[in-house]
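Peer 1: The structure under discussion is supplied below as structure tokens; questions concerning it will follow.
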Amino acid sequence: MKPSHLSPPTLPTGAASEADQAFRALLAALRAAPEPVSGETLAASLGISRAAVWKRLQRLKAWGYEIAGEPRQGYRLLAVPDRPLPFEVLEGLATRRFRGPVHYHPRLPSTNDLAKEMGRQGAPEGTLVVADGQEAGRGRLGRQWVSPEGVGLYVSLILRPPLPPSELPQITLTVAVAAAQALERVAQIAPGIKWPNDLLLGGRKLGGILTELETEAERIRYLVVGMGLNVNTPGFPGELADTATSLWLATGRRHSRVALLRAWLEELEALYEQFLHRQFPVILRAWKRRSVTLGKPARVRQGEREVAGVAVDVAPDGALLLRTGAGQLVRVTSGELAPDPVTGPGVD
Ligand code: BTN
């Protein structure tokens, strides 16, 4: 990863923009070439001048692409950066619905904040906001999400499900299953899910999801699904050192943030379509298989109130069901699961 001061002032703004298409075309030409390809050939195949080719190559290098060669000898693409740039995210992405535009930023206060703003302004479903690092990353229940640059995945996706807000708990669980499946596929690990959507490895928090929505006339106007994953994070500050983990710390190897993001979009699209086709029971079964919450003692804080019991099930609408000591069944749709001796510390 190049230091951020090398990041060019002009950023890729989204897959739909003309500039992005031009970079994608240039990268596609370089990827397709079996041997070094000259500036002249690139210029002719892209219908632009050689100077424009050169300029774009410099820009790609500044974003971390390793490109060898000179105009006359020809250029060769040696390596691509593991940076969630639109061209990388969209390369080989097997989705139909979630295909961007991808708005990439080296740093942002919070991808959820920008995505919410874009949602308000009418950005379409599938719009993605990604950052290499966040200065004010937000977790659930007003917490901070520590988001160091270049090592984690910080992404927000805009959804526009034609549904009432009461379906939000089901969407929340769906997003967590997609994240778990993506981690299984790409990193060959089996994360547990702590209700509603914390991703855990060995009792420590690997990732989390923050869903935020705006409603109109009893309908979801837009939903922002923000996911944070500790991918190649080498360590954590303060109390997090005991409660959080990263893929790198857990597996001893580096993992591709771009591959994880693509896999999450693919898994989520498939599950989201199932969900829209009223197949949530299938998704719920997948959630339950990965649950580290069910069958264990649990306490839920809901503001000033605390409910304690055993987490016996998740209802068909996504609510957690707690059986209290008095034998009462309590439905929980929001709040925070407190630590218990079995699942380890709550690290929200
Ligand atoms: C949690 O508390 O478990 C949820 C964490 C969600 C963090 C992600 S990182 C990308 C997106 N932007 C934010 O500010 N938060 C979410």
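Peer 1: Please determine, by comparing only the residues of the stretch 88-110 that are farther than 20 Å from ALA182 by Cα and surrounded by 20 or more Cβ atoms within 10 Å (Cβ to Cβ), which one is nearest to the ligand (Cβ to nearest atom).
Peer 2: Initially, the stretch 88-110 is screened for residues farther than 20 Å from ALA182 by Cα, giving 101, 103-110.
Right, trim to surrounded by 20 or more Cβ atoms within 10 Å (Cβ to Cβ) and you get 101, 103-105, 108, 110.
Values: PRO101: 17, HIS103: 13, TYR104: 13, HIS105: 12, LEU108: 8, SER110: 3 Å.
Ranking the candidates gives SER110 first.
Peer 1: For the stretch 148-157, give me each residue that is within 12 Å of the ligand (Cβ to nearest atom) and of a type in the set (A, V, I, L, M).
Peer 2: LEU153, VAL155, LEU157
Peer 1: What's the number of the condition GLU184 fails, among (1) in contact with a Pro (Cβ under 8 Å, 6 or more places away or on another chain); (2) within 15 Å of the ligand (Cβ to nearest atom)?
Peer 2: GLU184 satisfies all of (1) in contact with a Pro (Cβ under 8 Å, 6 or more places away or on another chain); (2) within 15 Å of the ligand (Cβ to nearest atom) except (2).
Peer 1: For the stretch 196-293, give me every one of the strands (runs of 3 or more DSSP E) that falls completely inside it and has 1 or more residues that are surrounded by fewer than 18 Cβ atoms within 10 Å (Cβ to Cβ).
Peer 2: Values: elements: 198-201, 204-216, 219-230.
The qualifying strands (runs of 3 or more DSSP E) are 204-216, 219-230.
Peer 1: If you check ALA298 against the conditions, is it crowded, with 17+ Cβ neighbours inside 10 Å, in contact with a Gly (Cβ under 9 Å, 6 or more places away or on another chain) and among the small types (Gly, Ala, Ser)?
Peer 2: On the way: crowded, with 17+ Cβ neighbours inside 10 Å: yes; in contact with a Gly (Cβ under 9 Å, 6 or more places away or on another chain): yes; among the small types (Gly, Ala, Ser): yes.
The answer is yes for ALA298.
Peer 1: Further question: For the stretch 249-259, check the following and say yes or no: at least one residue is hydrophobic (A, V, I, L, M, F, W, C), modelled with pLDDT under 95 and either under 11 Å from the mean Cα position of the chain (by Cα) or closer than 25 Å to THR293 by Cα (or both). Write out each step before concluding.
Peer 2: Of the residues in the stretch 249-259, the ones hydrophobic (A, V, I, L, M, F, W, C) are 249-250, 258-259.
Right, trim to modelled with pLDDT under 95 and you get none.
Scanning the stretch 249-259 turns up no residue that is hydrophobic (A, V, I, L, M, F, W, C), modelled with pLDDT under 95 and either under 11 Å from the mean Cα position of the chain (by Cα) or closer than 25 Å to THR293 by Cα (or both).
Peer 1: Specify the residue that is farthest from the ligand (Cβ to nearest atom); the eligible residues are those in the stretch 120-129 that are surrounded by fewer than 24 Cβ atoms within 10 Å (Cβ to Cβ) and touching a residue at least 24 places away in the same chain (Cβ under 8 Å).
Peer 2: If we take residues in the stretch 120-129 being surrounded by fewer than 24 Cβ atoms within 10 Å (Cβ to Cβ) and touching a residue at least 24 places away in the same chain (Cβ under 8 Å), then PRO124 is farthest from the ligand (Cβ to nearest atom).
Peer 1: I've got another one for you. Looking only at residues that are polar (S, T, N, Q) and not in a loop (DSSP other than H, G, I, E, B) in the stretch 130-147, which one is farthest from the ligand (Cβ to nearest atom)? Steps first, answer last, please.
Peer 2: The initial filter retains those residues of the stretch 130-147 that are polar (S, T, N, Q), namely 134, 144, 147.
Checking which are not in a loop (DSSP other than H, G, I, E, B) leaves us with 134, 144.
Numbers: GLN134: 6, GLN144: 9 Å.
This residue is GLN144.
The values are calculated or read from the model by the stated rules, or taken from the named source; none is laboratory data. What you see is a predicted model, and the numbers here were worked out from it, not measured in a lab. Please note: Cβ atoms are built from the backbone with ideal geometry, for glycine as well, and neighbour counts cover all protein chains shown.
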